[in-house]
Amino acid sequence: MNKAMLGPMLLGSTLVLLGASAQGQGQQSKAPSYPEMAPVAQYLIAGTQEEIALARSAAPRSISAAATVLVLGKHGYETALKGSNGFVCFVERSWTAGFDDAEFWNPRVRAPNCFNPPAVRSVLPQYLERTEWVLAGIGRTQMIERNRLAMANGHFRVPEAGSFSFMLSKEGYLNDAAAGPWAPHVMFFLPYGEASAWGAGLEGSPVLGADGSKAEPTVLFIPVRRWSDNSVAQPATGAHPQDEPCHKHG
């Protein structure tokens, strides 16, 4: 399985499961290299309203219109709009991918996501804190160790039952392989070791993903037929990513 098929998505998650149509059709090109963090400004979206709209595009309007919306500032995510339904929408950046992901520092990544209340309580804090580490200039090796300790001492929690998120935006850029949003999908966050109970990654299963690192939640993906604006999505191109964890961490 080509690792280029897998992209940022939720903590080795995602910044997301992606279809690389170019690789799937046998077209090969040299992948860009992102050995280190780009200037912070390259990860920011200049207009607050633009980022709010992009974040809200992750979920149907019936959900996103009443959700809290976060935007990325120079020191971390900030609340741009306070919602009333318990959901939180925001735009992930590349460092929500696995620590060993080749696109961990890709400044082009913009992955709209909308977490439900259980995921907000138990998964989102890990995303927010990692972002603060990144913007404080903490290196990847240090982040790996901080993440391990946070899981070991209970500072980071395992996902609550029912934790999931929407990734239904047409507007995102999930990684260079997809060069765009790939396909609409929902994600489920589970404690490590539970992927097999979902039939994830098995031949013919619509549930994609696998257990990754013991230090982070397992993230599973289920592609769906419609984008957040209710338009019908074209079938995803590229190979079916069945045999590899969607978010592999160090």
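The values are calculated or read from the model by the stated rules, or taken from the named source; none is laboratory data. These numbers were taken from a predicted model, which means no experiment stands behind them. Only protein heavy atoms, including side chains, enter the accessible area calculation; ligands, DNA and RNA are left aside. Shrake-Rupley method; radii C 1.70, N 1.55, O 1.52, S 1.80 Å.
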Item to complete: Mind checking the per residue accessible area of segment 146-206 for me, 1.4 Å probe, whole number of Å²?
Response: 47 Å²
Worksheet entry | residue 198 accessible area, 1.4 Å probe, all protein chains in place, Å² to nearest 10 | 90 Å²
Item to complete: Just reorder 93, 226 by solvent-accessible area, largest first, 1.4 Å probe, all chains present.
Response: 226, 93
Worksheet item: At a probe radius of 1.4 Å, what is the per-residue accessible area of residue 74, in Å² to the nearest 10?
Response: 140 Å²
Response to the item:
Judged on accessible area alone, 1.4 Å probe, highest first, 211, 229 line up as 229, 211
Discussion item. For segment 171-194 and segment 28-94, what is the centre-to-centre distance using only Cα atoms, to the nearest Å?
Written reply: 14 Å
